[in-house]
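Please treat every number below as a calculation from the coordinates, not as lab data. Here the structure is a predicted model, which is why all the values come from computation and not from measurement. As a convention, Cβ positions derive from the backbone with ideal geometry for all residues, glycine included, and neighbour counts pool all protein chains shown.
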């Protein structure tokens with residue numbers, strides 16, 4: 001009787017759980033789920049932010065009643081807005097009512113480079129001008145006893161802080177305005193007032209604050 005050939009052993013099938021492609025796929029799915037969870041969690045987290053309760057003009061001291069704190073889900077914009085009010089804070093830019101207070105919009109009095117001056121405008125101003133409106137200050141220097149030189153821009157970028165009641169000026173066609181101006185322009189403005197030049201406050205291009 002001839003010898004029977006011994007069966008050739010077949011290689012054992014690799015377990016599907018050991019397939020590197022499957023393991024890589026599981027890792028990628030887990031990473032994707034984790035990333036989505038982190039994004040959703042971050043979006044749901046809220047943090048405090050300040051909102052202007054009224055229009056705050058550059059140069060104004062901001063009281064606690066001028067702003068209110070709200071909880072908002074800002075996500076990546078968390079550092080873009082001011083989160084807390086500090087006593088003695090001063091606005092360095094105009095902040096419209098209802099607007100989130102940007103980071104850097106409030107500073108200490110020592111850091112502010114503007115101040116408010118009452119300016120008598122020799123001409124009337126549009127009724128549309130309101131606190132926060134951007135304006136230019138023009139001057140026509142006195143020339144001789146009765147004349148004035150051609151008007152020129154004295155301050156190119158100022159901000160209306162308010163209107164001062166002055167019956168004498170109103171009856172003569174002018175009005176007094178509280179104007180926020182850079183400290184670097186104070187000397188020239190006071191010099192023009194002392195020399196009795198004609199001061200005019202006119203809206204700047206894009207006069208909103």
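How do the peptides 96-104, 130-138 rank, highest first, by the average count of neighbouring beta carbon atoms within 10 Å per residue? Can you show the working numbers first?
Details: 96-104: 14.4, 130-138: 20.6.
Packing order, densest peptide first, comes out as 130-138, 96-104.
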Task: Average Cα contact separation per residue, segment 47-109, under 8 Å, 6 or more apart, as relative contact order % - done: 44 percent
Task: Gain on full stretching of the segment that runs from residue 145 to residue 128 - 0.36 nm per residue minus C-alpha separation - done: 2.6 nm
TODO: Mind sorting 116, 61, 108 by how few other Cβ atoms lie within 10 Å of their own Cβ, fewest first?
DONE: 108, 61, 116
Open item on the list: If Rh is defined by the Kirkwood formula over all Cα pairs and Rg also comes from Cα, what ratio Rg/Rh do you get for segment 47-109?
Closed with: 0.93
Task: Gyration tensor verdict on segment 113-203 (Cα atoms; rounded if a/c is under 1.5, prolate if a/b is larger than b/c, oblate otherwise) - done: oblate
Open item on the list: Which residues does the label zone of residue 190 cover in segment 85-124, counting backbone N under 15 Å from a point 7 Å along Cα→Cβ?
Closed with: 114-119
Task: Contour minus Cα-Cα distance for residue 31 and residue 71 (0.36 nm per residue) - done: 11.4 nm
